[in-house]
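What follows is a set of notes on a single structure, which appears directly below.
The values are calculated or read from the model by the stated rules, or taken from the named source; none is laboratory data. Just so it is clear, the structure is predicted and the values come from calculations on it, not from any experiment. Neighbour counts are summed over all protein chains in view; Cβ atoms, including those assigned to glycine, are modelled from backbone coordinates with ideal geometry. Quick note on the areas: whole protein, heavy atoms, side chains included, nothing else; ligands and nucleic acids left out. Shrake-Rupley method; radii C 1.70, N 1.55, O 1.52, S 1.80 Å.
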Amino acid sequence: HAQKVSRANTARVKATLYLRETVEVAVDFSQATSSWNSQILKPECQSPSLCHPVAGGSSWTLANGNESVEPGYDRSLTFALVLRDPITGNISDTGLPDLDTKKVVASLNWNDGFGLRTATLETYLYKP
C-alpha cells in the first residue's frame, strides 16, 4: 500500500508540473500583442472550446482539443470572456466585456492508481 501511495504522490507532482507549464505558456502569450491576437484570441480556444500548447522549435502555439502529454496525463486550456462592473471596474459575473483581459483556465486529468484525478488552475491575463 505504501508503494502505491508513493506512486500516487509522484503522479500528483508530475501533474502539477504539467499544469503549471500550461499556464506559463498562456502567460507568455499575454506578453506580446502579436501572440495575444494570434493565440489567445483564437476562436477555437475560447470557452467552452479547449486547446493545448504545442512546442515548436523555440516557440509555442495552441492547437485544438486536449493533449495527451504522456500516457495517463491529459491537459487542456481555454480562454474565457471577462466582464467588469461598469461602476466599480471590478471583475464580475455581469457587466461590460473587458476586451483587454481574459481568464485562462488550465486543466489536467491523470490516473494516480486510486482513480481519475483532475486539477484546474485559473488566472487572468492582460493585453500588453
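Could we say that Ser68 is out of contact with any helix residue (DSSP H, G or I) (no Cβ under 9 Å at 6 or more places or on another chain), surrounded by fewer than 17 Cβ atoms within 10 Å (Cβ to Cβ) and hydroxyl-bearing (Ser, Thr, Tyr) here?
Yes; evaluated as a whole, the condition is true for this residue.
How about the stretch 1-53: which of its residues are among the β-branched types (Val, Ile, Thr), in contact with a strand residue (DSSP E or B) (Cβ under 9 Å, 6 or more places away or on another chain), surrounded by fewer than 18 Cβ atoms within 10 Å (Cβ to Cβ) and under 21 Å from Thr101 (Cβ atoms)?
Result: Val27, single match.
Say whether the condition of being touching a Leu at 6+ places or on another chain (Cβ under 9 Å), under 15 Å from Ala119 (Cβ atoms) and among the basic types (Lys, Arg) is met by at least one residue in the stretch 37-46.
So far as the stretch 37-46 goes, no, none of its residues is touching a Leu at 6+ places or on another chain (Cβ under 9 Å), under 15 Å from Ala119 (Cβ atoms) and among the basic types (Lys, Arg).
Which numbered condition in (1) farther than 20 Å from Gly115 by Cβ; (2) open to solvent by 30 Å² or more (accessible area, probe 1.4 Å) is the only one that Ala80 fails?
Of (1) farther than 20 Å from Gly115 by Cβ; (2) open to solvent by 30 Å² or more (accessible area, probe 1.4 Å), only one is false for Ala80: (2).
If the requirement is being among the polar types (S, T, N, Q) and under 13 Å from the mean Cα position of the chain (by Cα), which of these qualifies: Ser47, Ser59, Ser34?
Ser47
Out of the residues in the stretch 99-128 that are open to solvent by less than 30 Å² (accessible area, probe 1.4 Å) and among the charged types (D, E, K, R), which is modelled with the highest pLDDT?
Lys102
Against the conditions (1) farther than 30 Å from Lys4 by Cβ; (2) open to solvent by less than 80 Å² (accessible area, probe 1.4 Å); (3) in contact (Cβ under 8 Å) with a residue 12 or more places away in the chain, where does Asp85 fall short? Just the number, please.
(3)
Tell me, which residue of the stretch 83-128 that is over 11 Å from the mean Cα position of the chain (by Cα), acidic (Asp, Glu) and in a strand (DSSP E or B) is nearest to Ser38 (Cα to Cα)?
Asp100
Please indicate, with yes or no, whether at least one residue in the stretch 64-76 is out of contact with any Ser or Thr (no Cβ under 8 Å at 6 or more places or on another chain) and within 14 Å of Lys127 (Cα to Cα).
No - not one qualifying residue is present in the stretch 64-76.
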